[in-house]
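One structure below.
Since every read-out is calculated from the coordinates, none of them should be taken as a lab result. A quick note: this is a predicted structure, and the numbers were derived from the prediction, not measured. Quick reminder, even Gly has a Cβ in these numbers, built from the backbone with ideal geometry, and neighbours come from all protein chains shown.
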Amino acid sequence: MEHRVALLGFGVVGQGFAEIIQQKSQRLMEQFGLNAKIVAVSDVIKGSVYHPDGLSIPELLKSVRETGNINGYPEQEGLIRGLNSFETIQRSNADTIVEVTFTDVKTGQPAIDHCRYSFEHGKNVIMSNKGPVALAFGELQSLADKQHVRWGFEGSVMSGTPALRMPITSLAGNEINEIQGILNGTTNYMLTRMEEGLSYKEALMEAQKNGYAEADPTSDVEGFDALYKTVILANVILQYPLKTHDVERQGISHLTKEDIKQAKQEQKKWKLIAKLKKENGHLIASVKPEKVGLDHPLANITGATNAITYHCDLAGPVTLIGAGAGKVETGFSILIDLINIHRKQL
Ligand code: HSE
């Protein structure tokens with residue numbers, strides 16, 4: 001069955017997703033009967049093309065690689081250029097909008113408005129942006145439900161590692177009383193490298209060079225990135241309407257090489273731990289560096305890897321370890337949401 005997709009944004013994640021759709025087309029068809037077609041791409045900087053019968057992914061990628069934009073996409077009868085994001089949502093025949101624009105996590109915009117507009121026009125939305133889920137989960141999910149459309153955001157926490165779908169589907173029936181995680185790759189990478197002798201500054205520079213850090217690394221090192229993910233987990237997994245200001249937050253910028261060395265002597269490690277714990281009907285939420293013993297389930301998570309432990313009343317503690325970022329991994333998070341929308345599963 002054909003599933004038409006429009007991409008808002010054609011940066012790293014958008015291109016990663018397009019490459020996956022291209023490479024996996026035969027497998028998606030054989031395994032799920034899914035014929036995913038990109039009908040539109042609209043990017044504020046790179047340009048915009050729409051064809052109701054579908055666009056050529058190789059031509060899109062060729063144009064962006066050669067010229068940095070998609071204005072070089074070949075002319076063709078019926079091709080429409082220049083639609084902005086809202087026009088693309090309204091006028092294209094896409095079933096699903098893949099929202100991969102740059103989002104300001106403080107306001108969640110423009111992605112929140114893209115979601116609202118898509119739902120109002122009867123279109124599903126898939127995104128990896130944290131902003132709309134952390135800031136407007138209740139409102140947007142209600143609107144999606146009312147409009148009988150789907151909203152996928154698996155990639156907003158731990159990219160393609162199923163930090164949201166696993167507890168929702170495979171741990172269903174448990175009461176999850178506590179969640180603990182390493183949800184930010186940059187800081188975990190930095191702490192690992194500092195254990196190996198690097199200074200804070202050197203470790204941050206390496207993390208930036210490796211592409212783990214956000215455009216403004218303050219969000220990583222001061223714990224905001226992990227905080228947004230913590231709010232998403234509270235709302236989506238624990239059904240608790242936690243807000244960003246409810247979370248106690250401290251980053252790692254005050255930690256020195258000496259602090260790391262001292263912990264090592266005590267057979268401990270500093271980790272930036274995100275925590276959600278149910279206590280007497282309340283939810284205690286924090287993101288802060290903690291000195292953990294070497295037997296702690298998160299102590300041996302090194303480098304940019306993320307991990308999360310769900311403490312379940314029936315299944316016990318279940319820990320999931322995997323990537324928290326990356327072009328292919330985040331591209332996959334979009335794909336898995338698309339597959340599940342197509343096969344009408346969560
Ligand atoms: N900057 C983030 C991290 C990327 O380091 O984990 C994914 O949100």
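If you rank L7, L34 by fewest surrounding Cβ atoms within 10 Å, what's the result? Show your work: numbers first, answer last.
Values: L7 31, L34 21.
Going from least to most buried by this count: L34, L7.
Hey, with R₀ at 25 Å, roughly what FRET efficiency would E202 and T244 work out to, going by the Cβ-Cβ distance, to 0.05?
Values: r = 31 Å, r/R0 = 1.23.
Computed FRET efficiency for E202 and T244 comes out at 0.25.
What does the helix-only formula give at 222 nm for the chain: each DSSP H stretch with n ≥ 4 adding -39500 (n - 2.57), the total divided by the residues, and the result rounded to the nearest 500 deg cm²/dmol? Could the numbers behind the result be given before it?
Values: 12 runs with 127 residues, N = 346.
That calculation yields -11000 deg cm²/dmol at 222 nm.
Using alpha-carbon positions, what is the distance between the centroids of the range 87-146 and the range 245-297, in Å?
Using only Cα atoms to place each centre, the spacing works out to 33 Å.
Rounded, prolate or oblate: which fits the range 205-339 when a ≥ b ≥ c are the square roots of the eigenvalues of the alpha-carbon gyration tensor, with rounded for a/c under 1.5 and prolate only if a/b beats b/c? Mind showing how you got there, number by number?
Values: a/c = 1.43, a/b = 1.11, b/c = 1.28.
Rounded.
For a quick check of your reading of the filter: which trypsin sites (Lys or Arg not before Pro) in the range 61-126 sit in a DSSP loop and have no more than 16 other Cβ atoms within 10 Å?
Values: sites: K62, R65, R81, R91, K106, R116, K123; in loops: K106, K123.
Listed in order of number, the matching sites are K106.
Which aspartates and glutamates does K275 reach when only Cα atoms under 14 Å apart count, and residues fewer than 8 places away in its own chain are ignored?
Here the aspartates and glutamates satisfying the reach criterion relative to K275 are E178, D225, D246, E248, E290.
Report, in degrees rounded to the nearest 10, the 0 to 90 angle that the Cα long axis of helix 111-120 makes with the longest principal axis of the chain.
Computed tilt is about 50 degrees.
Could you quote the convex hull projected area for the chain, Cα atoms only and averaged over all directions, in nm²? Show your work: numbers first, answer last.
Details: hull surface 71.4 nm².
Reported value for the Cα convex hull: 17.8 nm².
For an R0 of 22 angstrom, estimate the FRET efficiency from the Cβ-Cβ distance between N69 and Q23 and round to the nearest 0.05.
Efficiency computed from Cβ-Cβ geometry: 0.45.
In whole Hz, what ³J(HN,Hα) sequence does the range 278-284 give by Karplus (6.51, -1.76, 1.60; θ = phi - 60°), x for Gly and Pro?
Karplus values, whole Hz, x for Gly and Pro: 7, 9, 6, x, 10, 10, 8.
In whole angstrom, how far apart do the alpha carbon centroids of the range 152-221 and the range 32-77 sit?
So the two Cα centres are separated by 32 Å.
What size of dipole, in debye to the nearest 20, comes out for the chain about its Cα centre when the only charges are +1 on Lys and Arg C-beta atoms and -1 on Asp and Glu C-beta atoms? Mind dumping the intermediate values first?
Numbers: 36 positive and 40 negative charges, 60 e Å.
Using Cβ point charges on Lys, Arg, Asp and Glu, the chain gives about 280 debye.
Would you calculate the separation in nanometres between label points at T169 and E30, each defined as 7 Å from the Cα along the Cα-to-beta-carbon direction?
Those two pseudo-labels are separated by 2.1 nm.
Name the residue farthest towards the positive end of the dipole of the chain from the options G197, H245, A234, assuming +1 on Cβ of Lys and Arg, -1 on Cβ of Asp and Glu, about the Cα centre.
It is G197.
Taking every alpha carbon pair in the range 147-252, what does the distance histogram look like in 5 angstrom bins from 0, in percent?
Percent of Cα pairs in each bin: 2, 11, 19, 20, 17, 13, 9, 5, 2, 1, 0.
Which of the pairs K62/K130; K130/K291; K201/K257; K46/K123; K209/K291; K130/K201 have their Cα atoms more than 19 Å apart in this structure? Don't jump to the answer; show the numbers that get you there.
Working: K62/K130 29 Å; K130/K291 27 Å; K201/K257 10 Å; K46/K123 23 Å; K209/K291 27 Å; K130/K201 27 Å.
Beyond 19 Å between Cα atoms: K62/K130; K130/K291; K46/K123; K209/K291; K130/K201.
How far is helix 12-23 tilted off the main Cα axis of the chain, in degrees rounded to 10, range 0 to 90?
Helix 12-23 sits roughly 60 degrees off the main axis of the chain.
What's the FRET efficiency of S142 with D259 using the Cβ-Cβ distance as r and R₀ = 41 Å, to the nearest 0.05?
Working: r = 45 Å, r/R0 = 1.09.
It comes out at approximately 0.35.
Name the long-range amide H neighbours of I126: under 5 Å, sequence gap of 5 or more, or other chain; modelled H, no Pro or chain starts.
The answer is I97, V98, E99, G152.
Taking only Cα atoms, what is the 0 to 90° angle, nearest 10, from helix 224-236's long axis to the longest principal axis of the chain?
70
In debye, nearest 20: dipole of the range 107-197 around its Cα centre with unit charges on the Cβ of K, R (+) and D, E (-)? Before the final figure, lay out the partial values.
Details: 7 positive and 9 negative charges, 65 e Å.
Using only the charged Cβ atoms, the result is roughly 320 debye.
If you take every DSSP beta bridge whose two residues both sit in the chain, what share of them, in percent to the nearest 5, is antiparallel?
Details: 35 of 54 bridges.
Percentage antiparallel, nearest 5: 65.
Does the range 275-321 classify as rounded, prolate or oblate by the C-alpha gyration tensor (a ≥ b ≥ c root eigenvalues; a/c under 1.5 gives rounded; else a/b over b/c gives prolate, otherwise oblate)?
Working: a/c = 2.09, a/b = 1.40, b/c = 1.50.
It comes out oblate by the Cα gyration axes.
Quick one: work out the % antiparallel among DSSP beta bridges in the range 234-334, nearest 5. List each step's numbers first, then the result.
Numbers: 19 of 21 bridges.
In the range 234-334, DSSP labels about 90 percent of beta bridges as antiparallel.
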